[in-house]
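**Q** Submitted below is the structure of interest, expressed as structure tokens.
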Amino acid sequence: MYVDREEKILVMVRLRPLNKKEIAAKEATDWECINDTTILYRNTLRQGSNIPSAYSFDRVYGGECPTRQVYEDGTKEIALSVVKGINCSIFAYGQTSSGKTYTMTAITEFAVADIFDYIFQHEERAFSVKFSAIEIYNETIRDLLSSDGTSLRLRDDPEKGTVVEKAREETLRDWNHFKELLSVCAAQRKIGETSLNERSSRSHQIIKLTVESCACELLGKDNSTTLMASVSFIDLAGSERASQTMSRLKEGCHINQSLLALGTVIRKLSKGRQGGHICTLSPARSHVELTKNTLSFASCAKEVTTKAHINVVMSDKALLKQLQCELARLETELRNATSNCDCAMKKDIQIQKVWFCNCVMG
């Protein structure tokens, strides 16, 4: 990842193997990864098919590929940019039962392990890592680290952007503490049985790590500066057809409505405006339309561009000194501008006098 340079969002697609239910139903496999970047629809000649024969992305993975490889091939670099002061997000999109939560849980654990390794290898800097987690369920935001079930509100912060009010934040002590918090989140997240999955995630989950660091030799000094950034791991609820959610109509409508809104944002961003994105798929013929929709969404996402920049937070005294210097510079510019203006006015007066004399004498 290059700082101050526009780059496309990294889009990766993971095609899982047929699951036990699909194998028992003798489902046909309609999708195939034919190389590292292309996924092929094998049933293009099917009567009435309106599905493109192939889709291309940054990387595609077949069912035999381990999650570790998915992580190492691109999401690792994105996640580790947080220790250098660059905000980033990794999110998973796809239908229910396609493997989103399975993939995102492993990627989150790999990333946190690498962040801790980075911290241990850079003893010249003092680090602080904070953990928070929320879920969005039926348009309500809830803190996954709190058991009281209170809904939280969003507010706009002039420095941090949109933030969730009163969301609990834990400073991570070590790997075991992280795993403990991850278990708390998993236990509290809304799940339910659908026609595709006995334990389907019915909410959007956002796990956020905020990493702050400062040179040890400057820690606590007036001229200290801090790098501060966040990485968000976003596990979206599964997209579904309405016919599959009739027994959970309100819930399904909210899920699909929010995913539709996300899709609209992605499509608009892909049309010339300015992370990492993973889509998960089922190869089964019965899910072909859902898979097509996921791939269409991913195709729009790969056209979005972002521009990374380093977030530096100055100490109050260092910031005050910088502001005083800026104020002095502006005052100097104002004095010079006033002086130049006075000279210009004097010239205008002289010109007017000469013109008047000429008129009188003429």
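**Q** Residues 62, 94: which one is touching a Leu at 6+ places or on another chain (Cβ under 9 Å) and more than 21 Å from residue 205 (Cα to Cα)?
**A** Being touching a Leu at 6+ places or on another chain (Cβ under 9 Å) and more than 21 Å from residue 205 (Cα to Cα) holds for just one of 62, 94, which is 62.
**Q** Take the conditions closer than 29 Å to residue 97 by Cα, at pLDDT below 85 and among the small types (Gly, Ala, Ser) and apply them to residue 183. Does it pass? Working first, answer last.
**A** Numbers: closer than 29 Å to residue 97 by Cα: yes; at pLDDT below 85: no; among the small types (Gly, Ala, Ser): yes.
In short, no.
**Q** Right, here's the next one. Restricting attention to the stretch 296-326, which residues are part of a helix (DSSP H, G or I), surrounded by 12 or more Cβ atoms within 10 Å (Cβ to Cβ) and at pLDDT 65 or above?
**A** 296, 297, 298, 299, 300, 301
**Q** Out of (1) in contact with a His (Cβ under 6 Å, 6 or more places away or on another chain); (2) closer than 18 Å to residue 170 by Cα, what's the single condition that is false for residue 112?
**A** It fails just one condition, (1).
Results for (1) within 26 Å of residue 127 (Cβ to Cβ); (2) of a type in the set (A, V, I, L, M); (3) touching a Lys or Arg at 6+ places or on another chain (Cβ under 9 Å), shown as yes or no for each residue.
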position: 54; (1), (2), (3): no, yes, no
position: 57; (1), (2), (3): no, no, yes
position: 63; (1), (2), (3): no, no, yes
position: 74; (1), (2), (3): yes, no, yes
position: 77; (1), (2), (3): yes, no, no
position: 88; (1), (2), (3): yes, no, no
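**Q** Report yes if residue 126 is of a type in the set (Gly, Ala, Ser), touching a helix residue (DSSP H, G or I) at 6+ places or on another chain (Cβ under 7 Å) and closer than 16 Å to residue 232 by Cα, otherwise no.
**A** no
**Q** If you scan the stretch 89-105, which residues turn out to be among the hydrophobic types (A, V, I, L, M, F, W, C) and crowded, with 23+ Cβ neighbours inside 10 Å?
**A** Once the filter is applied, which keeps residues that are among the hydrophobic types (A, V, I, L, M, F, W, C) and crowded, with 23+ Cβ neighbours inside 10 Å, the stretch 89-105 yields 90, 92, 104.
**Q** When you look at residue 22, is it part of a helix (DSSP H, G or I) and more than 18 Å from residue 278 (Cα to Cα), yes or no? Lay out the reasoning, then the answer.
**A** Numbers: part of a helix (DSSP H, G or I): yes; more than 18 Å from residue 278 (Cα to Cα): yes.
Here the answer is yes, as residue 22 does meet what is asked.
The rows are residues; the columns are (1) surrounded by fewer than 18 Cβ atoms within 10 Å (Cβ to Cβ); (2) touching a Leu at 6+ places or on another chain (Cβ under 7 Å); (3) at pLDDT below 80.
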position	(1), (2), (3)
153	yes, no, no
176	yes, no, no
194	no, no, yes
198	yes, no, yes
209	no, no, no
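The values are calculated or read from the model by the stated rules, or taken from the named source; none is laboratory data. Bear in mind the structure is a predicted one, so any value in this text is a computation, not a measurement. When we count neighbours, we look across all protein chains shown, and the Cβ atoms used for this are built from the backbone with ideal geometry, even at glycine.
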